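Down below is the structure, laid out as structure tokens.
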Amino acid sequence: MDLETLNKHYDLVQKLKKARELYKTTEAKSLGAQSLDGMPHGTGVSDKVGVLAAALADITGQVGFLEKQVDESAALIEEFIAEIPNLKTRLIFRYRFLGGMSWGEVAGMFDIGTSENSVKSTCYDYMENMKKA
């Protein structure tokens, strides 16, 4: 396992999170929730329901595609993480790469004195030691 593979999986998890958020936002619009974007709204004729239904279908397809990609790459990463002997290091990898958390969010899962830089260093140091072994 290398850092490039882990980062590609992390990026996929991030894309999936954004696609799910977009789906929720679009679904809320389709249910008639008011958009408070501050922009003026025109009075033209359009099929808002049709447009939103098509958008939801597109997003649903994208979410399904991304879920499949994430699931395929997660299996290999889970095996790698399961073999990390140190519990804290294993959790850092799990939160970051499987959970899709930012470094700051990962640090927040530990003691108050744990910083973003310390969890990042733990990860990179572990990967560097893996190369040497």
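The values are calculated or read from the model by the stated rules, or taken from the named source; none is laboratory data. The model shown is predicted, which means the values in this text are computed figures rather than measured ones. With ideal geometry, Cβ positions are generated from the backbone for all residues, glycine too; neighbour counts draw on all protein chains shown. We work out accessible area using only protein heavy atoms, side chains counted, and drop any ligands, DNA or RNA first. Shrake-Rupley method; radii C 1.70, N 1.55, O 1.52, S 1.80 Å.
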With a length cut of 18 Å (Cα positions projected on each helix's long axis) and a Kyte-Doolittle mean of at least 0.5, go through the chain and give me the DSSP H helices that pass. 48-82
Whole angstrom only: what separates the Cα centroid of the range 53-85 from the Cα centroid of the range 10-26? 11 Å
Label-point gap, in nm, between residue 116 and residue 78 - each point 7 angstrom along Cα→Cβ: 3.0 nm
With respect to the cross-link table entries 15/131; 29/68; 88/131; 15/88; 48/68; 24/48, which display a Cα-Cα separation exceeding 22 Å? 15/131; 29/68; 15/88; 48/68
For the chain, projected area of the alpha-carbon convex hull averaged over all directions, nm²: 11.1 nm²
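Residue 60 to residue 130: extension gain in nm, 0.36 nm per residue of separation minus the Cα-Cα distance?
Numbers: separation 70, 0.36 × 70 = 25.20 nm, distance 3.87 nm.
Taking residue 60 through residue 130 to full extension adds about 21.3 nm, to one decimal.
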Prolate/oblate/rounded call for the range 57-133, Cα gyration tensor, a/c under 1.5 rounded: oblate
Straight-line reach only, C-alpha to C-alpha below 16 angstrom: list the aspartates and glutamates that residue 18 could link to, leaving out same-chain residues fewer than 8 apart. 27, 58, 67
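Ignoring ligands, DNA and RNA, please state the percent of accessible area on the range 44-133 from carbon and sulfur, probe 1.4 Å. Before the final figure, lay out the partial values.
On the way: 3170 of 5690 Å².
Ligands and nucleic acids excluded, carbon and sulfur give 56 percent.
Relative contact order (percent) for the chain, with alpha-carbon contacts under 8 angstrom and 6 or more residues of separation? Kindly include the intermediate steps, with their values, before the conclusion.
Working: 83 pairs, mean separation 39.9, N = 133.
Relative contact order comes out at 30 percent.
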Considering only 76, 89, 54, whose Cα is most displaced toward the positive end of the charge dipole of the range 52-133, charges sitting on Cβ of Lys, Arg (+1) and Asp, Glu (-1)? 89
